[in-house]
Amino acid sequence: MKRLLNSRGGARLLMVLLLHLRGAFGTCPCQDPSLCNPISGTRDFEVFVFQVGGKAWKFYDWSQITTVATFGKYDPELMCYAHLRGSRVVLKGDVSVKEIVDPAFRAAWIDQKVELAKKQYMDGINIDIEQMVNKSSVEYYALTALVKETTEAFHKEIPGSQVTFDVAWSPKCIDRRCYNYTGIANSCDFLFVMSYDEQSQVWTDCIARANAPYNQTLTGYDDYIQMGINPKKLVMGVPWYGYDYPCLSLSKAHVCSIKEVSFRGAPCSDAAGSQLPYRIVMDRANSSMSGILWDEEQKAPYFEYQDSHGTIHQVWYDDPRSISLKAAYVKERGLRGIGMWNGDCLDYSRGPVAQRQTEAMWEALKPK
């Protein structure tokens with residue numbers, strides 16, 4: 001990827017002009033003022049990272065990253081470093097679907113986001129809504145309009161900027177999110193498919209299962225593509241976290257019955273468990289009573305342990321083995337790329353064991 005206006009001659013003149021215009025929004029925080037220019041162009045393979053705060057980003061594998069979506073506090077140091085590496089840094093965009101029905105509200109919201117991105121020298125926005133929407137409702141059409149209008153505004157105001165939209169692992173009204181998926185895909189640069197929390201609605205037995213079962217995950221992409229969405233408009237999201245489920249009972253066949261916790265109409269959900277970042281998962285695995293096990297059908301690892309109160313827990317998660325299988329599908333189907341929720345889930349303490357585990361998770365993102 002080449003930085004916008006990094007060539008000589010007329011391009012350099014345009015760079016000075018752009019820097020002058022963006023400078024009206026505040027002094028560039030980077031030692032090299034050219035790093036406040038927007039990133040332009042695309043790479044052949046997208047690696048999309050969500051960052052939720054702190055300074056762990058300093059230990060990311062920047063040789064792969066193309067985009068960082070900042071869901072934590074804005075960090076100018078991160079922006080400067082990412083731009084130095086040719087990586088985009090984008091805002092989080094979240095808004096009530098009830099409010100965006102009003103075109104005037106949409107326009108004001110978009111203007112505010114564009115101005116914030118300019119002020120912070122950022123390269124676009126990741127729209128993360130995840131609210132219930134009924135098919136063909138006023139919110140259904142307003143959401144599509146929001147994505148289209150946001151994309152047009154960002155592309156016009158920030159050259160080379162990127163607008164993306166987060167969608168569930170399947171287009172089949174997951175969690176009652178019945179969006180206009182084809183219209184939204186056509187209106188933005190690409191969709192980030194959140195291929196995790198796939199047990200948010202459990203309609204069968206209330207038992208612990210993988211967060212992102214292999215076959216179920218791939219079926220979701222097949223469904224998106226069969227709708228007519230170009231694979232190059234899809235980035236696969238993988239989980240760098242797992243779920244810890246207290247078992248009401250545990251069979252000899254490792255079937256963990258869980259508490260009935262309903263969600264958006266479904267009788268059971270992963271809300272019966274608690275989310276654990278990969279670093280905690282690995283720490284707990286060390287004291288498990290079962291050792292790390294592998295479910296061949298779901299192609300996911302899990303283990304069992306007993307807490308201090310005597311309760312048996314079953315933990316399901318993704319590891320380099322399960323993620324590599326999905327990354328191979330990304331290559332096979334020609335998807336736009338891969339990413340994760342979230343980049344801060346790993347152990348960046350630099351101890352020898354932690355370092356090996358962390359490097360393996362980053363390496364798993366590379367399609368073989």
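Laboratory data are not the source of any read-out in this text; all were calculated from the coordinates shown. Only a predicted model underlies this, so the values are computations on that prediction, with no experimental measurement involved. When we count neighbours, we look across all protein chains shown, and the Cβ atoms used for this are built from the backbone with ideal geometry, even at glycine.
In this structure, does Ala69 turn out to be in a helix (DSSP H, G or I), of a type outside the set (D, E, K, R) and buried (at least 17 other Cβ atoms within 10 Å of the Cβ)? The answer is no for Ala69.
Just to be sure I understand, how many residues within segment 178-205 are crowded, with 18+ Cβ neighbours inside 10 Å and either part of a helix (DSSP H, G or I) or of a type outside the set (Ser, Thr, Tyr) (or both)? Result for segment 178-205: 18. Can you say whether Ser288 is of a type in the set (Ser, Thr, Tyr) and within 23 Å of Leu191 (Cβ to Cβ), as far as the supplied structure shows? No: the conditions fail for Ser288. Pairs are defined by a Cβ separation below 8 Å, a sequence spacing of at least 6 or placement on different chains, a first member in segment 101-125 that is under 17 Å from Ala82 (Cβ atoms), and a second member that is part of a helix (DSSP H, G or I) and charged (D, E, K, R); the pairs so defined are Lys118/Arg22; Lys118/Glu157; Tyr121/Arg22; Ile125/Lys113.
Results for (1) part of a helix (DSSP H, G or I); (2) under 16 Å from Tyr243 (Cα atoms); (3) within 25 Å of the chain's Cα centre (by Cα), shown as yes or no for each residue.
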| residue | (1), (2), (3) |
| --- | --- |
| Ser287 | no, no, no |
| Ser290 | no, no, no |
| Gln298 | no, yes, yes |
| Glu304 | no, yes, no |
| His309 | no, no, no |
| Leu325 | yes, no, yes |
| Val330 | yes, no, yes |
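Among the residues of segment 154-177, those that are in contact (Cβ under 8 Å) with a residue 24 or more places away in the chain, part of a helix (DSSP H, G or I) and under 24 Å from Gly86 (Cβ atoms) comprise Phe154, Glu157.
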